[in-house]
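The values are calculated or read from the model by the stated rules, or taken from the named source; none is laboratory data. All values derive from a computational prediction rather than experimental measurement. Cβ placement follows ideal geometry from the backbone for every residue including glycine, while neighbour counts extend to all protein chains displayed.
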Amino acid sequence: MILPDMSTHIGAPEGAVAETVLLPGDPLRAKFVAERFLDRAVCYNEVRGMLGFTGFWKGRRLSVQGTGMGQPSMAIYATELMREYGAKSLIRIGSCGALQPEVKVRDVVIAVGASTDSRMNRVRFAEGDFAPIASARLLRAALERADRLGLAYHAGGVLSTDSFYQADPESWRLWASYGTLAVEMETSALYTLAARHGVEALALLTVSDSLVTHEETTSKERETGFDRMVELALSLAE
């Protein structure tokens, strides 16, 4: 008997997704993480090419689900994972661009909170300003384990932008002047929706490029080369 899918964008039956889910933007990164790190990984989603897998990490059941780029796409997958599949802990494993000179390419940024230039939360909160922040428990655990792993990391605020290509290429400097560590495209939506559903969330980001120095990594390196960040994320599921 074929079991029915539980949601619109995730073609998986009830019980196919673990309570802890890692969320890379790139579905090929989801495939890479599943093949490299998980035991007995099974692909549960191929809808729109947004791959999702469930397997085991050190005996604990764990899923990894691609989310695509941008806050609307993140909002779709995070909402369905929480609402239809009962996910309790969502850990974004993504990339970001450094906005501070001390934040180097390949460092890890642990997002304590996320500012945004999106109007998604303004619409949701009737023009009010909601402050999306990480789960305190996951944040504390990530900081402790990053120290234990000897990672080069930074913890602080990030900017979730709706525009990868800005009309004003120097607009990042305003955010940087307020201490924002890095820019990416999904964390604000993730933290907001996790708060709405009473779920834990944390974003771990590897610096793929620097707006300060203009150094950058290759697309292949962004897909497969961020092992240390993934190891930190997996350690939170132990």
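Scanning for something modelled with pLDDT of 95 or more and assigned to a strand (DSSP E or B), does the range 216-234 turn up at least one residue?
no
Could you please let me know if ALA41 is free of Cβ contacts under 8 Å to residues at least 24 places away in the same chain and either of a type in the set (Phe, Trp, Tyr) or crowded, with 20+ Cβ neighbours inside 10 Å (or both)?
yes
Kindly list the number of the only condition in (1) at negative phi; (2) modelled with pLDDT of 95 or more that fails for THR8.
Going through (1) at negative phi; (2) modelled with pLDDT of 95 or more one by one, THR8 breaks only (2).
Would you be able to tell me the number of residues in the range 174-190 that are of a type outside the set (Ser, Thr, Tyr) and without any contact (Cβ under 8 Å) to a residue 12 or more places away in the chain?
Summing the residues that are of a type outside the set (Ser, Thr, Tyr) and without any contact (Cβ under 8 Å) to a residue 12 or more places away in the chain in the range 174-190 gives 1.
When you go through (1) under 18 Å from THR187 (Cβ atoms); (2) over 11 Å from the mean Cα position of the chain (by Cα); (3) buried (at least 22 other Cβ atoms within 10 Å of the Cβ) one by one for ALA75, which number turns out not to apply?
Going through the list (1) under 18 Å from THR187 (Cβ atoms); (2) over 11 Å from the mean Cα position of the chain (by Cα); (3) buried (at least 22 other Cβ atoms within 10 Å of the Cβ), ALA75 breaks only (3).
Test ASP129 against the criterion of being out of contact with any Asp or Glu (no Cβ under 6 Å at 6 or more places or on another chain), exposed (fewer than 13 other Cβ atoms within 10 Å of the Cβ), in a loop (DSSP other than H, G, I, E, B) and not β-branched (Val, Ile, Thr), and give yes or no.
When the stated conditions are applied, ASP129 passes them.
How many residues, within the range 101-154, are under 21 Å from GLU200 (Cβ atoms) and out of contact with any strand residue (DSSP E or B) (no Cβ under 7 Å at 6 or more places or on another chain)?
Adding up the residues that qualify gives 12.
Given the options GLU216, GLU238, name the one that is in contact (Cβ under 8 Å) with a residue 24 or more places away in the chain, among the acidic types (Asp, Glu) and within 26 Å of ASP147 (Cβ to Cβ).
Going through GLU216, GLU238 in turn, just one is in contact (Cβ under 8 Å) with a residue 24 or more places away in the chain, among the acidic types (Asp, Glu) and within 26 Å of ASP147 (Cβ to Cβ): GLU238.
So GLU46 passes all but one of these: (1) of a type in the set (D, E, K, R); (2) within 25 Å of THR217 (Cβ to Cβ); (3) touching a strand residue (DSSP E or B) at 6+ places or on another chain (Cβ under 9 Å). Which condition number does it fail?
(2)
Quick check, is ARG92 on the phi < 0 side of the Ramachandran plot and surrounded by fewer than 21 Cβ atoms within 10 Å (Cβ to Cβ)? Break it down stepwise before answering.
On the way: on the phi < 0 side of the Ramachandran plot: yes; surrounded by fewer than 21 Cβ atoms within 10 Å (Cβ to Cβ): no.
Spelling it out, it is not the case that ARG92 is on the phi < 0 side of the Ramachandran plot and surrounded by fewer than 21 Cβ atoms within 10 Å (Cβ to Cβ).
Can you pull out every residue in the range 11-47 that is assigned to a helix (DSSP H, G or I) and either at pLDDT 95 or above or under 19 Å from the mean Cα position of the chain (by Cα) (or both)?
Hits for the range 11-47 are PRO27, LEU28, ARG29, ALA30, LYS31, PHE32, VAL33, ALA34, GLU35, ARG36, PHE37.
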